[in-house]
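Colleague: Sharing a structure below in structure tokens format, with a few things to ask.
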Amino acid sequence: QVQLVESGGGLVQLGGSLRLSCAVSGVMFNLYSMGWYRQAPGGQRELVATIEREGRTNLVDSVKARFAISRDNAKNTVYLQMNNLKPEDTAVYYCNLKGTIISVWGKGTLVTVSS
């Protein structure tokens, strides 16, 4: 059974930093692309960043200068480093594992940025 467990969310002040982690089990992690998505209160889930199995990354424009996605295949974990956080970054952040025939989501971790 494939499981994704996010951690690292919390309350942070404007301009602060957080690092989210997503631990993956039940699958050969290094074979899959991973992504981070977020859903703000009242909003739709949106893509934040992706990392392919060989390490190539993509981040949406709104976070490109502030966030970084990385993965540690030895630890079956993907990370999202978030710097210079803004109130508009407040959301539940979800980890996603994507293959050709599967797409698995974690339960999410809440990030709240206070001004």
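Colleague: Roughly how many debye, to the nearest 20, is the charge dipole of the chain about its Cα centre, given +1 on each Lys and Arg Cβ, -1 on each Asp and Glu Cβ, and no other charges?
Modeller: Using Cβ point charges on Lys, Arg, Asp and Glu, the chain gives about 100 debye.
Colleague: Dipole size in debye (nearest 20) for the stretch 13-65 around its Cα centre, Lys and Arg Cβ +1, Asp and Glu Cβ -1?
Modeller: My answer is approximately 80 debye.
Colleague: Give me the number: length gained by fully extending Ile101 to Ser115, i.e. 0.36 nm times residue separation minus the C-alpha to C-alpha distance, one decimal in nm.
Modeller: Going from the current span to full extension adds 0.9 nm.
Colleague: Where only protein heavy atoms count, and the probe is 1.4 Å, what is the accessible area per residue for the chain in Å²?
Modeller: So the chain comes to 55 Å² accessible per residue, rounded to a whole number.
Colleague: May I pose another question? Consider just the alpha-carbon atoms of the chain and return their Rg together with their Dmax, both in angstrom.
Modeller: Cα-based Rg and Dmax for the chain come out at 13.3, 42 Å.
Colleague: Residue farthest toward the positive end of the dipole of the stretch 20-115, with Cβ of Lys/Arg at +1 and Asp/Glu at -1: which of Gly106, Val92, Gln44?
Modeller: Gly106
Colleague: Output ³J(HN,Hα) for the stretch 11-19: one whole-Hz value per residue in order, computed from phi by the Karplus curve 6.51 cos²θ - 1.76 cosθ + 1.60 with θ = phi - 60°, and x for Gly and Pro.
Modeller: Karplus-based 3J(HN,Hα) across the stretch 11-19 equals 9, 9, 7, 3, x, x, 10, 9, 10 Hz.
Colleague: A further question on this structure: Using θ = phi - 60° and the Karplus form 6.51 cos²θ - 1.76 cosθ + 1.60, what ³J(HN,Hα) does each residue of the stretch 78-94 get, whole Hz, x for Gly and Pro?
Modeller: 10, 10, 10, 8, 10, 10, 6, 5, 10, x, 6, 7, 4, 4, 8, 9, 10
Colleague: Please give me the summed charge of the neighbours of Ser62: other residues whose Cβ is under 13 Å from its Cβ, Lys and Arg +1, Asp and Glu -1. Present the calculation step by step, with values, prior to reporting the outcome.
Modeller: Working: positive: Arg38, Lys64, Arg66, Lys86; negative: Glu46, Asp61, Glu88, Asp89.
Once all neighbours under 13 Å are counted, the net charge is 0.
Colleague: Related question: Report ³J(HN,Hα) in whole Hz for each residue of the stretch 59-72, in order, from the Karplus equation J = 6.51 cos²θ - 1.76 cosθ + 1.60 where θ = phi - 60°; Gly and Pro get x.
Modeller: 10, 5, 4, 5, 10, 4, 8, 10, 10, 9, 10, 8, 9, 10
Colleague: Given the options Ile102, Ile51, Ile69, state which has the largest fluctuation in a GNM of the chain using a 10 Å cut-off (strictly under) for Cα springs.
Modeller: Ile102
Colleague: What shape does the stretch 63-115 take by its C-alpha gyration tensor, where a ≥ b ≥ c are the square roots of the eigenvalues and a/c under 1.5 counts as rounded, a/b above b/c as prolate, and the rest as oblate?
Modeller: In terms of gyration-tensor shape, prolate.
The values are calculated or read from the model by the stated rules, or taken from the named source; none is laboratory data. As the structure is a prediction and not an experimental result, all values here were calculated from the model. So basically every Cβ, Gly included, is an ideal-geometry build from the backbone, and we count neighbours across all protein chains shown. Just the protein is used for accessible areas: all its heavy atoms, side chains included, with ligands, DNA and RNA removed. Shrake-Rupley method; radii C 1.70, N 1.55, O 1.52, S 1.80 Å.
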